[in-house]
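Everything below concerns the one structure shown next.
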There are 2 protein chains.
Amino acid sequence: MGDGRTARIAALRRALATHEIDALLVTSIPNIRYLTGFSGSSAMVVVSMHEVVLLTDFRYQTQVTFEVGAAARTIIELQSLWTRLWSVLPELTGTERIGFESSHVVHRDFQRIMEGGTRWQWRPTSDLIESLRERKDADELARIRRAADIACGALHEIIPRVRPGMTELAVAGMLEHALRDGGSEGFPFETIVAAGPRSALPHARASGNTIAAGDFLLIDFGAEHAGYCSDITRTFVVGRATPEQRVAYDIVREAQAVAVGGLTVGMSGKDADALARSYIERSGWGEAFGHSLGHGIGLEVHEGPRLSRLAEAPLPAGAVVTVEPGVYRAGWGGVRIEDDVLVGDAGPELLTHFPRELKEIG
Amino acid sequence: MGDGRTARIAALRRALATHEIDALLVTSIPNIRYLTGFSGSSAMVVVSMHEVVLLTDFRYQTQVTFEVGAAARTIIELQSLWTRLWSVLPELTGTERIGFESSHVVHRDFQRIMEGGTRWQWRPTSDLIESLRERKDADELARIRRAADIACGALHEIIPRVRPGMTELAVAGMLEHALRDGGSEGFPFETIVAAGPRSALPHARASGNTIAAGDFLLIDFGAEHAGYCSDITRTFVVGRATPEQRVAYDIVREAQAVAVGGLTVGMSGKDADALARSYIERSGWGEAFGHSLGHGIGLEVHEGPRLSRLAEAPLPAGAVVTVEPGVYRAGWGGVRIEDDVLVGDAGPELLTHFPRELKEIG
């Protein structure tokens, strides 16, 4: 985690002061990784004004030491992290008002807090760490660039091998294998490979369906490097594209180019969304673009800022977002083109380098 | 989903009656799939005594129709599912007391319920659907068997190709590719490939580390078929095993065999755990087995029943559980052997068929 970690803890403490709380109980796993470097799936962190304490279980005993180092005091608990928390909190002097993450504490755990934590005042908080995460530092950006390169390299490698008659699952298998060989630590989300009418399902997974000549082939996937994600979509035509397929493709490609080129620091997510949406609406396909334009990526594949009709917040400098307009017609097919873009002070910068021209394959 | 669905809804309604509630708001995605067959990632379901209503968003418009059919009345909502819920609930006559899933509603959504749902009485519930899910029906069992076969077939295929000098990631890539070619819809959890000292990390992921002669090579992974998971672990030795490696391996293999053979309907999860644990303790390696013996598998890779030192509940007939003892020594390595086992009235039945003898590979 470089040592961005020191700066992150300092920024969080400033946010705590602004919100008049003395400490934050962090239960979101990506937020814990952001603050401490710990990549395990079971942990709790308390950040007070003077200390950072991480609680995890037996399974991570070895891992936590080398990942976290001096970034937190670590405690290995064999039974219940919650029970242990009640004995750790009294050690944190000057801690009266404690925030918890309202979107990352389930009702059952909220009840535990109300029952076991009566000694403190508890305050629900929203997005304290998530908003810090929207601005990527140089180290984070380097990791995303690498994840983007791995994804594009894998796609370049497998596209020449795709043939009609293969199943979507077989294409996913080749692609994921190439991602692993390129060094991807994991798959940030389930690989989508959708051919023909299934390309009209914005969240299809790969299936046993066979790819046929004439199909759109939509591939949406990502890579992971040092905890950070990429997320890219390309839509191909198997064999020769029909005029109707070209029309749909060109509208999406142009809408995507307009949106990527128009992203500026300080613009609202809503205005960013409108860049592509108004182009698609003017082309007469507005009804066919039902989802949002994009989302931030980083430690999670969906994070802030959002680019959608409802997003009022301005895009901060250093945000990395997907730009992914699409059009879909049930029973016929769909086209989506998605890239990862840095919203920089010097203008938008594409991080995913893979051609956007309509490509006939197979 | 066959039509287990009708029986499942009926069983849930009996549970609601027992708990004196008129309806349940279901927000857990696997629970929604269990009841309705819907496999999307964004939905809410309300089960009242007379109706089943499913709310989802635009992206799933086409998918929801063919997956859910007559199992629920489906509503496509373009904005907020929560807002729509407040207009749907008044249509469900006779609904006063509504349960919500305490482990699947975050505090923020609990606040929405408290603010938007003042017209109803809300009751936290735990595991109403999860306990139904513990007993697999014939259709579910057939899906798990297939997922187990896919996993074992993939492992058989790639083990002869593993060589010293390969990275853990390369092995994961081959294995995942073979899983896809075998028809796996996805990866129920991140593939673990851990060589040498990394095999001592019970939750290591695959890394760029190179496999060397003399290493333990621990591989823990699963397949998915029609929504259902398998989960298997084997530990190999690269090259010739040392006497010390054989000792550790044999203890785990024997402990696992004892535990698999001893599983009976009605036994507590704690007594099941003790079958393996007491064997390992008697062998002098008790300290090296820090995790639980196993867990249920089904729509999720970790579900009930649990086999652990704290699990008092009896194993129901039809449960499918993992049996996965392991021993780990930091800096040296670890061994884990895991199979999926049906706890049947006629005795335990192994669902994963892959040899358990120590195998020297590479």
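Nearest 5 is fine: what % of DSSP beta bridges in segment B:4-132 come out antiparallel, could you say?
Values: 9 of 22 bridges.
DSSP beta bridges in segment B:4-132 are roughly 40 percent antiparallel.
What's the longest uninterrupted piece of chain A once you rule out the GluC sites (Glu not before Pro) that are loop residues per DSSP with at most 16 other Cβ within 10 Å? Kindly include the intermediate steps, with their values, before the conclusion.
Numbers: sites that count: A:GLU20, A:GLU51, A:GLU96, A:GLU312, A:GLU357.
In short, A:97-311.
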Binning at 10 Å from 0, report for segment A:99-225 what percent of all alpha-carbon pair distances ends up in each bin.
-> 12, 28, 21, 19, 14, 5, 1
Determine ³J(HN,Hα), in whole Hz, for all residues of segment B:80-88 in sequence, where each value follows from phi through the Karplus function 6.51 cos²θ - 1.76 cosθ + 1.60 and θ = phi - 60°; x replaces Gly and Pro.
-> 10, 4, 5, 4, 4, 3, 5, 8, 7
Once you have the alpha carbon radius of gyration of segment A:4-133, what is it after dividing by 2.2 N^0.38 Å, with N set to its residue count?
-> 0.96
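So what is the relative contact order for chain A, in percent, with contacts set as C-alpha pairs under 8 Å and at least six apart?
Values: 778 pairs, mean separation 54.0, N = 362.
This gives 15 percent for chain A.
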What relative contact order, as a whole-number percentage, does segment A:170-293 give when Cα pairs under 8 Å and 6 or more residues apart are counted?
-> 17 percent
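For chain B, report the translational diffusion coefficient in µm²/s to the nearest whole number, using Stokes-Einstein at 25 °C, 0.890 mPa s, and a Kirkwood Rh over Cα pairs. Walk me through the numbers before you get to the answer.
On the way: Rh = 22.0 Å.
The estimated diffusion coefficient comes to 112 µm²/s.
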More than 17 Å apart - percent of Cα-Cα pairs taken over segment B:64-110 = 55 percent
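How crowded by other chains is B:36-43, given as the mean number of beta carbons from other chains within 10 Å of each beta carbon? Intermediate results must be reported in sequence, preceding the final value.
On the way: counts 0, 0, 0, 2, 2, 3, 1, 0.
Across B:36-43, the average partner-chain Cβ count within 10 Å equals 1.
For the protein assembly as shown, what is the percent of antiparallel DSSP beta bridges, rounded to the nearest 5? Present the calculation step by step, with values, prior to reporting the outcome.
Values: 83 of 113 bridges.
Bridges in the protein assembly as shown that DSSP calls antiparallel: roughly 75 percent.
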Copies compared at B:GLU357 - label distances in nm, ascending, label defined 7 Å from Cα in the Cβ direction | 5.9
Treating the angle as unsigned and between 0 and 90°, give the value, to the nearest 10°, between the Cα long axis of helix A:168-181 and the longest Cα principal axis of chain A.
-> 50 degrees
Checking B:GLY153, B:GLY173, B:GLY37 against a Gaussian network model of chain B (alpha-carbon springs below 10 Å), the top fluctuating residue turns out to be B:GLY173
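Can you pull a Stokes-Einstein diffusion coefficient for segment A:160-296 at 10 °C (1.306 mPa s), Rh from Kirkwood over Cα pairs, as a whole number of µm²/s? Walk me through the intermediate numbers first.
Working: Rh = 16.4 Å.
In µm²/s, the coefficient rounds to 97.
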Nearest 0.05, what FRET efficiency do B:LYS359 and A:ALA330 give at R0 = 35 Å with Cβ-Cβ as r?
-> 0.10
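In percent, how large is the relative contact order of segment B:212-362, given Cα pairs closer than 8 Å and 6 or more residues apart?
Numbers: 337 pairs, mean separation 44.2, N = 151.
RCO, segment B:212-362: 29 percent.
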Provide the FRET efficiency to the nearest 0.05 for the A:ARG97-B:ALA213 pair, computing r from the beta carbons and using R0 = 51 Å.
-> 0.35
Per DSSP H run of n ≥ 4, the term is -39500 (n - 2.57); total these for chain B, divide by its residue number, and report the mean residue ellipticity at 222 nm rounded to 500 deg cm²/dmol.
-> -10500 deg cm²/dmol
Between A:GLN111 and B:ALA138, Cβ-based FRET efficiency (R0 51 Å, step 0.05) works out to 0.85
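Run the numbers for B:SER278 and B:ALA226: contour at 0.36 nm per residue of separation, minus the present Cα-Cα distance, in nm.
Additional length available on full extension: 15.0 nm.
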Nearest-20 debye value, the protein assembly as shown charge dipole, Cβ charges on Lys, Arg, Asp, Glu | 20 debye
Exposed trypsin sites (Lys or Arg not before Pro) absent: longest stretch of chain B, with sites in DSSP loops and at most 14 other Cβ within 10 Å deemed exposed | B:120-239
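Once the Cα gyration tensor of the protein assembly as shown is diagonalised, what are the square roots of 5 times its eigenvalues, in whole Å and ordered largest first, as equivalent ellipsoid semi-axes? Intermediate values should be presented prior to the final figure.
Values: eigenvalues 278, 202, 175 Å².
With the √(5λ) rule applied to the protein assembly as shown, the semi-axes are 37, 32, 30 Å.
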Give the residues of segment B:128-152 whose amide nitrogen is closer than 14 Å to a point set 7 Å from the Cα of B:ASP345 in the direction of its Cβ.
-> B:136-138
Per residue of segment B:29-34, in order, report the coupling 6.51 cos²θ - 1.76 cosθ + 1.60 (Karplus, θ = phi - 60°) as ³J(HN,Hα) in whole Hz, putting x for Gly and Pro.
-> 5, x, 5, 5, 5, 4
Over the Cα atoms of segment A:88-168, what Rg and Dmax result, in angstrom?
-> 22.9, 67
For chain B, what proportion of DSSP beta bridges, expressed in % and rounded to the nearest 5, is antiparallel?
-> 75 percent
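Can you put A:MET267, A:MET44, A:MET114 in order, fewest other beta carbons within 10 Å first?
Numbers: A:MET267 16, A:MET44 21, A:MET114 10.
Starting with the residue having the fewest Cβ neighbours, the order is A:MET114, A:MET267, A:MET44.
Here, each number is a calculation from the coordinates, and none is a lab measurement. No experiment lies behind these values; they were computed from the predicted model shown. No Cβ is skipped: glycine too gets one built from the backbone with ideal geometry, and neighbour counts run over all protein chains shown.
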